[in-house]
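Q: Please see the structure below; I have some questions.
The values are calculated or read from the model by the stated rules, or taken from the named source; none is laboratory data. The structure displayed is predicted, hence computed values, not measured ones. Neighbour counts run over all protein chains shown; Cβ positions are idealised from the backbone, glycine included.
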Amino acid sequence: MLVVLAASIVLVMVTILVLYETLRLTSEHLAELPVPPRWRIVAVVLAAFAGHTVAVWIYAIAYWLLVLRLGLGSFSGVPVTTFEDCLFVSVVAYSSLGYGDHAPVGHARLLTGVEALNGLLLIGWSASFTYLAMERYWPLHGKARAHRAAKARSPADGEPGRERLFPPTTGT
């Protein structure tokens, strides 16, 4: 029991750090991407997905090691005998999907429960990060379109719409 409890704490810390670094690096380099705002948001979603995928694999390795190799817990239902089975258990637990194909028994119950709570928190965190990125880059869609339209007009057109893009300054 103590081994699984200690492993759970380590797994939570490691997966938090993985997602933290994924989101930090994404945040630092997002503005440097030479792509339109739409693709920056796509990059945020893909980076978050990659971070979650790494977290799921970390838990799958823990199941493989703790349950299959060390015998600390087990699963009832469909047999869990390979790493691929451990990966499936991890995806189901992390996402809180809960198919019911594999029911944890013994110490594995603690590990799957911690993974479900950890996944819930990390998914919420990445959703919040994605929202912040969308809040920053979403409004740029309209500005980029308006800017392109203004550039396409010739100076002979009298530059209609210029005031909307560049309102006249008042005062000095």
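Q: What number of residues within the stretch 5-40 are farther than 12 Å from residue 122 by Cβ, modelled with pLDDT of 95 or more and crowded, with 17+ Cβ neighbours inside 10 Å?
A: 3
Q: Is it the case that the stretch 76-91 has a residue that's of a type in the set (Ser, Thr, Tyr) and either in a helix (DSSP H, G or I) or in contact (Cβ under 8 Å) with a residue 40 or more places away in the chain (or both)?
A: Looking for residues that are of a type in the set (Ser, Thr, Tyr) and either in a helix (DSSP H, G or I) or in contact (Cβ under 8 Å) with a residue 40 or more places away in the chain (or both), one finds at least one in the stretch 76-91, hence yes.
Q: Please work out which one of (1) among the hydrophobic types (A, V, I, L, M, F, W, C); (2) in contact (Cβ under 8 Å) with a residue 40 or more places away in the chain; (3) part of a loop (DSSP other than H, G, I, E, B); (4) touching a strand residue (DSSP E or B) at 6+ places or on another chain (Cβ under 8 Å) is the condition residue 67 fails and give its number.
A: Unmet for residue 67, out of (1) among the hydrophobic types (A, V, I, L, M, F, W, C); (2) in contact (Cβ under 8 Å) with a residue 40 or more places away in the chain; (3) part of a loop (DSSP other than H, G, I, E, B); (4) touching a strand residue (DSSP E or B) at 6+ places or on another chain (Cβ under 8 Å): (3).
Q: Could you tell me whether any residue of the stretch 55-71 is over 29 Å from residue 113 (Cα atoms) and among the charged types (D, E, K, R)?
A: There is no residue in the stretch 55-71 that is over 29 Å from residue 113 (Cα atoms) and among the charged types (D, E, K, R).
Q: Is it the case that some residue within the stretch 51-60 is out of contact with any Pro (no Cβ under 9 Å at 6 or more places or on another chain), exposed (fewer than 14 other Cβ atoms within 10 Å of the Cβ) and of a type outside the set (Val, Ile, Thr)?
A: no
Q: Still on this structure, I have one more. Just to verify a result, which residue in the stretch 77-98, among those that are aliphatic (A, V, I, L, M) and over 14 Å from residue 123 (Cα atoms), is farthest from the chain's Cα centre (by Cα)?
A: Selected residue: 78.
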